[in-house]
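Structure record follows, encoded as structure tokens.
The values are calculated or read from the model by the stated rules, or taken from the named source; none is laboratory data. Since the model is a prediction, treat every value here as computed from it, not as a measurement. Note that each Cβ is placed from the backbone with ideal geometry, even for glycine, and that neighbours are counted across all protein chains shown. Each accessible area value is taken on the protein alone, full model and side chains, heavy atoms only, with ligands, DNA and RNA left out. Shrake-Rupley method; radii C 1.70, N 1.55, O 1.52, S 1.80 Å.
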Amino acid sequence: MWHMRALWGSRAGRDYLSDALTLLPGWTREGRQIKRTLVIDDSQHAALTERIKVVADALHLQPEVRRLDGRTQIRLTPRDGETITEGEVTLAARIEDAYRTVTSGA
């Protein structure tokens, strides 16, 4: 069975992560996590948080989502605390989709 995780731990994996993050505008890497800050209102925050919870549960991830000074801050940290995996990047992409939906009024 082939696991992508091996790719993420290699030099090619670091390049892959950089490439993936360029496709996710607003997401930045900070140490062993990726993060994003969004300026949205309270009702959009509530809707986005619910959508994030559904996707995060399906991916077995635990993002940190908090509201501070009119901003929603999202941090994705690997469960093992070591290596950002395809799971965190997938969740970030799904959060972007949810963010677009919530802010478009759909």
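A few remarks follow.
- When segment 34-62 is filtered for residues that are under 11 Å from the mean Cα position of the chain (by Cα) and crowded, with 17+ Cβ neighbours inside 10 Å, the ones remaining, listed by number, are Ile34, Lys35, Arg36, Ile52, Val55, Ala56, Leu61.
- Within segment 63-90, considering residues that are within 12 Å of the chain's Cα centre (by Cα) and modelled with pLDDT of 95 or more, the one most open to solvent (accessible area, probe 1.4 Å): Glu64
- Scanning segment 32-41 turns up one or more residues that are part of a strand (DSSP E or B), of a type outside the set (A, V, I, L, M) and either touching a Gly at 6+ places or on another chain (Cβ under 8 Å) or modelled with pLDDT under 90 (or both).
- Per the conditions (1) over 13 Å from the mean Cα position of the chain (by Cα); (2) open to solvent by less than 30 Å² (accessible area, probe 1.4 Å); (3) aromatic (Phe, Trp, Tyr), the sole criterion not satisfied by Trp27 is (1).
- If the condition is being surrounded by 15 or more Cβ atoms within 10 Å (Cβ to Cβ) and either free of Cβ contacts under 8 Å to residues at least 60 places away in the same chain or farther than 15 Å from Arg36 by Cα (or both), then segment 91-106 contributes Leu91, Arg94, Ile95, Ala98, Val102, Thr103.
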